[in-house]
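Peer 1: The structure's right below; bear with me while I get my questions together.
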Amino acid sequence: MGGVRTGRCLCGGVQISIRNAPVAMGACHCENCRRWTGSALIALTVAPADIAIVGSDRVTAYRSSDWATRSFCSVCGSTLWYRLTVPTPEEGSYEIPVGLLDNPHGLPLTSEIYIDRKPDGYVLAGATRQQTAAEFEAFIQASMKE
Ligand SMILES: [Zn+2]
Ligand SMILES: [Zn+2]
């Protein structure tokens, strides 16, 4: 874990501060993330206790599936965070897009999920672990049973 990272949406109305900040990030190429972000969600996983949010009154949460919500700034439309709402080890954690950070550097990309759904015109460098949609969904099903 690596210190404090701060970030904000495009209009600055929503500001975040992350302590014990993760030292790596992961990418999701699923269809929902693709539509929501315009490309892929490349994000850091942050525990609820490690994030402070200013401007919550501007945040709108969209329930994108039975298992998650996706929040955005209701003023500027910036993608803010994805949260799992089903009981898994990561329930309630925030997936914070790297693009919100004031300093987005120094975070290696270590995993990609839904790799088989990625548009074929680009590749991301560096990921050490890749899972297809089927592999990732099997993993989630297994974690929910624990
Ligand atoms: Zn905003
Ligand atoms: Zn996704």
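The values are calculated or read from the model by the stated rules, or taken from the named source; none is laboratory data. Just so you know, these numbers come straight off a predicted model, no measurement behind them. Here Cβ is always computed from backbone atoms with ideal geometry, including for glycine, and neighbour counts include all displayed protein chains.
Peer 1: Mind checking which residues of segment 101-115 are of a type in the set (D, E, K, R) and surrounded by 15 or more Cβ atoms within 10 Å (Cβ to Cβ)?
Peer 2: Listed by number, the list holds a single entry, Glu112.
Peer 1: Scan segment 49-67 and give yes if some residue there is on the phi > 0 side of the Ramachandran plot and either within 13 Å of ligand 2 (Cβ to nearest atom) or not charged (D, E, K, R) (or both), otherwise no.
Peer 2: Scanning segment 49-67, I find at least one residue that is on the phi > 0 side of the Ramachandran plot and either within 13 Å of ligand 2 (Cβ to nearest atom) or not charged (D, E, K, R) (or both), so the answer is yes.
For every residue, the table says whether it meets (1) assigned to a helix (DSSP H, G or I); (2) in contact with a Cys (Cβ under 8 Å, 6 or more places away or on another chain); (3) within 17 Å of Ile16 (Cα to Cα).
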site	(1), (2), (3)
Cys33	yes, no, no
Ser71	no, no, yes
Gly77	no, no, yes
Thr88	no, no, no
Gly92	no, no, yes
Ile96	no, no, yes
His105	no, no, yes
Val123	no, no, no
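Peer 1: Could you list all residues from segment 81-93 that are in contact with a helix residue (DSSP H, G or I) (Cβ under 7 Å, 6 or more places away or on another chain) and either away from ligand 2 (no atom under 15 Å from the Cβ) or modelled with pLDDT of 95 or more (or both)?
Peer 2: Listed by number, the residues that qualify are Pro87, Pro89, Gly92.
Peer 1: Check Thr37 against each of (1) more than 16 Å from ligand 1 (Cβ to nearest atom); (2) closer than 27 Å to Gly2 by Cβ; (3) of a type in the set (Ser, Thr, Tyr); (4) surrounded by 12 or more Cβ atoms within 10 Å (Cβ to Cβ) and name the one condition it does not meet.
Peer 2: (1)
Peer 1: Looking at segment 116-134 only, could you name the residues that are surrounded by 14 or more Cβ atoms within 10 Å (Cβ to Cβ), closer than 17 Å to Trp67 by Cβ and without any contact (Cβ under 8 Å) to a residue 40 or more places away in the chain?
Peer 2: If the condition is that a residue be surrounded by 14 or more Cβ atoms within 10 Å (Cβ to Cβ), closer than 17 Å to Trp67 by Cβ and without any contact (Cβ under 8 Å) to a residue 40 or more places away in the chain, then Gln131 is the only one that fits.
Peer 1: Okay, moving on. Here is a check on your reading of the model: is Gly7 within 11 Å of ligand 2 (Cβ to nearest atom), in a strand (DSSP E or B) and either at pLDDT 95 or above or not aliphatic (A, V, I, L, M) (or both)? Step through it out loud before you land on a result.
Peer 2: On the way: within 11 Å of ligand 2 (Cβ to nearest atom): no; in a strand (DSSP E or B): yes; either at pLDDT 95 or above or not aliphatic (A, V, I, L, M) (or both): yes.
For Gly7, the condition - within 11 Å of ligand 2 (Cβ to nearest atom), in a strand (DSSP E or B) and either at pLDDT 95 or above or not aliphatic (A, V, I, L, M) (or both) - is not met.
Peer 1: Additional query: May I ask you to list the residues in segment 35-48 that are away from ligand 2 (no atom under 11 Å from the Cβ), within 21 Å of Arg129 (Cβ to Cβ) and outside any loop (DSSP other than H, G, I, E, B)?
Peer 2: Residues satisfying the conditions are Leu44, Thr45, Val46.
Peer 1: Under the condition of being within 16 Å of ligand 1 (Cβ to nearest atom) and surrounded by 14 or more Cβ atoms within 10 Å (Cβ to Cβ), which residue from segment 40-59 is nearest to Pro108 (Cα to Cα)?
Peer 2: Checking each candidate, the answer is Ile53.
Peer 1: Here's a check for you: in segment 60-69, which residue that is at pLDDT below 95 and not in a loop (DSSP other than H, G, I, E, B) is surrounded by the fewest Cβ atoms within 10 Å (Cβ to Cβ)?
Peer 2: Per the stated criteria, the residue is Ser65.
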